[in-house]
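> One structure follows; several queries about it will come next.
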Amino acid sequence: MKPLSYSFLFALVLLASPSHGDDTVTMQGRINWNESEPSEVLIGMFDSPIKSGAEALSWTSVYTSEFNLKVPDRDEVQLVVLCQDFIPQLKTIYPRSPDKQFELELEKGITVEGTVVSTDKLPVANAVLTMEREDLPKVQIPRVYSFRWTSDAEGRFKIGGLAPHNDYEVHVGLPYAYRENESFAVEVEENDIHNLDLRLFDAYFVQGRVVDANRASVQNPTIKFSAKLLDNPTLSLTTTGDSNGEFRLGPFEQAIDLKLVAVHQELGSTPEVETTPGVHDVELVLVAMVHLVGTVIDHATGKSIDDFTLTTMVSDDSRTYSYSDANGEISSLVDRETIGLIVDSAGHFAYFAWDVDVESVDEYDLGVIELHRGRQLKGRVYDASSGQAIVGAEVSLREEDGDITDTDSFWNSLRSQYLLHSVRSRTGRMGEYELEPIPAHSTRMGVSAQGYIWEEVIVEEGVVTLDIGLVKELQNSGRIKGVVLSNTGISVVGTVFFEGGRNTDSETLGNVGTFDAELSAGEYEVYALTDKGRSETVQVSLKQNEVRELTLVVDSKGRLTGVIEGLMNGETVNLSVFAETEQIQVGGLHEVGNGAFAIEGIGFGTFRLTARTNRNRAKIQSFELTEGKGEENVALNFTGQSRLYVSLRYPDGTTVKGSVTALAKKQGHTSGWADIRDDGTVEIERLEDGEYTIIVNKTNRATMKISVGREMSMSYPTPIEEVDVIVRGDTELNIQLTHPSDSE
């Protein structure tokens, strides 16, 4: 806010309705002060005499020392004058007097100075101080106006404009709202207070420093920390250390747990360190980076590629190394947490390497990387009805790797996103585009433009020129509506699915079993999944502006009944029935407790029932229904009392982040899973006696910047160990994990 200046210019902001329809007169105001210059002055106009709790005729913000003020044409008007660091005051003005001038005398009053400190007596910077004032006029003050001060880098604050012989309440809010505000009573006498320490209760800092492998200080490292708070269990923030690698975090409540990791672009990252607030000597030691080497060549010619980029991905970051005139040689220091990389070069199709594990080596050789040249695709995007060029349409590659399995779905998504954002083109004035590089084989691309239906186009092998016509959105929509009934004619509850066309959609049924969906024109398969079973699938060819009405009948043939026993207090089960042949869900129930259940209308065939509880337990049961046997009964018994205790360690004593699954070998037996604790132990309760396969899953997290201001991040498990065990009663199992280098 700019300070007041000695000029006749003024700036007024009306914050409420002016004078209730009265005629107004213009008066000239002047602001005087006895000490430092104020910034914003807030002036409220009230009826005279002013009454307690009165609402202002208007509020005006003034930013200049001399100003014009429109006031109601009355004998008297009361002004309430508020200004940060000045004493509030009342002023009576007389609009009908010959003298249309008035002055406001601002008094600085008493100033309170002090420091906001944590419980461990460290200064708190950027704390926000607000005040409840009993010396304000008893009128309605605008909510947008508040008395706020902020502590500086040393925790110092200065609050002015207080009246002597008054009590005030100061509220202190901490940065990032790590904890609730704390309040302090302040008594103000005649003299200024210059050494008032506001010491917070249960608010502690963590201090430390980042060093390299030789214990030398690291300049300006990045420290990433996460905390488990009661109201925000996923708090995760980043700060930067100083030129000596020293950092300070907080303040936090002492009871919470903190996890810290330091990262330096040139020197690597540190292992995760756990600590608690109040610790002032945390040391984060960077692990030396790995020398990544390799050779990049052109697949067609076998010659080295001089100009290319290398992008590496670690758990929560990605970094790009640019090579120019490199003679095809990769030589970079990369983080030991690197789990994936991309090599890319103009005119070539990008090379992707997933699940790269460089943690246990000092040098990692990628070998020879062959980049395949892509073809260039040219063409024109136009309006399908008028033939006119569409300017600004976006054409992008939609390539996906069909060889990647479901367990690698994250990498498949990341690969698709990278290509989507790196191989794209925008049409020019004639609707022209150039897309390069795209694979030599048959591939797909997406075309979009504002006001048009998104189009996916197949680009066949050998095609180098392709024109694409887009259809306007409003010209290509229709509706599919109707009702879902049981085979006895009763409305049922569930969801209707529309698969195909230009989009796949679903709609939840209303209480009377009706649905009404607006969809783009195209071919659809429509079916309902309800509490009475699955309906038949209806093929619909939807034309633009067409309304199709359907009646979907749920076939109630095929019934699964059963009973659930042994659930703990608060434990519930989600039941899902899948058709084994079609691999589609045909029925299910949510949050079922102990007792009987029934799932109707699942049809005939071979099915798989999955029962998964909210306490990390599961059962899988297969069954068959035929025309001659239309009902099956199963018993889901979760009464097992056996406990599996697993201890996990690498040879060097370290452990792994992830989870352990105890998979029952016998169908119908209880499986279970649990996260690995920080000490490398896992406890899976209430299993049954029998044979189990123990699967250790390492949790990986990968983040990649896929465009400016946008990144893709996801966690995914990787199985790293599998052991068979017989569980009887309380069973203990020690697993020595294998480092990647041990298995090579």
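The values are calculated or read from the model by the stated rules, or taken from the named source; none is laboratory data. Note that this is a predicted model, so its numbers are computed, not measured. Here Cβ is always computed from backbone atoms with ideal geometry, including for glycine, and neighbour counts include all displayed protein chains. With ligands, DNA and RNA removed, areas are computed over all heavy atoms of the protein, side chains included. Shrake-Rupley method; radii C 1.70, N 1.55, O 1.52, S 1.80 Å.
> Pick out, from region 198-295, the strands (runs of 3 or more DSSP E) lying fully within it that include 2 or more residues that are touching a residue at least 40 places away in the same chain (Cβ under 8 Å), crowded, with 16+ Cβ neighbours inside 10 Å and more than 26 Å from the chain's Cα centre (by Cα). Talk me through it step by step, then tell me what you get.
On the way: elements: 204-211, 222-227, 235-240, 246-252, 258-264, 273-275, 282-285.
So the answer is 204-211, 282-285.
> Output the residue which, of all residues in region 18-44 that are touching a Pro at 6+ places or on another chain (Cβ under 7 Å) and of a type in the set (S, T, N, Q), is modelled with the lowest pLDDT.
Looking at residues that are touching a Pro at 6+ places or on another chain (Cβ under 7 Å) and of a type in the set (S, T, N, Q), I get Ser19.
> Can you name every residue in region 524-538 that is crowded, with 20+ Cβ neighbours inside 10 Å, touching a residue at least 60 places away in the same chain (Cβ under 8 Å) and either under 10 Å from Leu552 (Cα atoms) or not basic (Lys, Arg) (or both)?
Thr530, Gly533, Arg534, listed by residue number.
> Across region 438-462, which residue is most open to solvent (accessible area, probe 1.4 Å) among those that are in contact with a Gly (Cβ under 8 Å, 6 or more places away or on another chain) and over 15 Å from His372 (Cα atoms)?
Out of the qualifying residues, it is Gln450.
> Mind checking which residues of region 648-675 are within 22 Å of Glu571 (Cβ to Cβ) and open to solvent by 10 Å² or more (accessible area, probe 1.4 Å)?
Ser659, Thr661, Leu663, Ala664, Lys666, Gln667, Gly668, His669, Ser671, Trp673, Ala674, Asp675
> Kindly indicate whether Glu507 is at pLDDT 85 or above, in a strand (DSSP E or B) and of a type outside the set (Val, Ile, Thr).
Values: at pLDDT 85 or above: no; in a strand (DSSP E or B): yes; of a type outside the set (Val, Ile, Thr): yes.
Considered against the rule, which asks whether it is at pLDDT 85 or above, in a strand (DSSP E or B) and of a type outside the set (Val, Ile, Thr), Glu507 comes out as no.
> Looking at region 545-591, which of the residues that are open to solvent by 20 Å² or more (accessible area, probe 1.4 Å), in a strand (DSSP E or B) and β-branched (Val, Ile, Thr) is modelled with the lowest pLDDT?
Checking each candidate, the answer is Ile584.
> Would you call Thr150 modelled with pLDDT under 95, open to solvent by less than 40 Å² (accessible area, probe 1.4 Å) and in contact with a strand residue (DSSP E or B) (Cβ under 9 Å, 6 or more places away or on another chain)? Step through it out loud before you land on a result.
Values: modelled with pLDDT under 95: yes; open to solvent by less than 40 Å² (accessible area, probe 1.4 Å): no; in contact with a strand residue (DSSP E or B) (Cβ under 9 Å, 6 or more places away or on another chain): yes.
When the stated conditions are applied, Thr150 does not pass them.
> Consider region 417-437. How many of its residues are under 28 Å from Tyr716 (Cβ atoms) and open to solvent by less than 20 Å² (accessible area, probe 1.4 Å)?
Qualifying residue count, region 417-437: 2.
> Can you list residue pairs whose Cβ atoms sit under 6 Å apart, with the first residue in region 673-692 being among the hydroxyl-bearing types (Ser, Thr, Tyr) and the second being not in a loop (DSSP other than H, G, I, E, B)? Count only pairs 6 or more apart in sequence or on different chains.
Thr681/Ser647; Tyr692/Ala662; Tyr692/Ala664; Tyr692/Val725; Tyr692/Val727
> Let me ask something else about it. How many of the residues in region 354-369 are crowded, with 16+ Cβ neighbours inside 10 Å and at pLDDT 90 or above?
Total meeting the criteria: 3.
> Now for a different question. I'd like to verify a number: residues in region 609-641 that are part of a strand (DSSP E or B) and among the charged types (D, E, K, R), how many?
Number satisfying all stated conditions: 6.
> Looking only at residues in region 647-662 that are farther than 16 Å from Asn734 by Cβ, in a strand (DSSP E or B) and at pLDDT below 95, which one is nearest to the chain's Cα centre (by Cα)?
Within region 647-662, the match that is nearest to the chain's Cα centre (by Cα) is Gly658.
> Here's a follow-up. Out of region 315-343, which residues are more than 27 Å from the chain's Cα centre (by Cα), within 19 Å of Val358 (Cα to Cα), of a type in the set (Gly, Ala, Ser) and open to solvent by 20 Å² or more (accessible area, probe 1.4 Å)?
Ser331
> Would you say Leu636 is of a type outside the set (Phe, Trp, Tyr) and closer than 21 Å to Ala528 by Cβ? Break it down stepwise before answering.
Details: of a type outside the set (Phe, Trp, Tyr): yes; closer than 21 Å to Ala528 by Cβ: no.
Against the criterion (of a type outside the set (Phe, Trp, Tyr) and closer than 21 Å to Ala528 by Cβ), Leu636 does not qualify.
> Continuing with the same structure: When the residues of region 109-159 are narrowed to those that are of a type in the set (D, E, K, R) and more than 30 Å from Lys51 (Cβ to Cβ), which ends up nearest to the chain's Cα centre (by Cα)?
Selected residue: Asp152.
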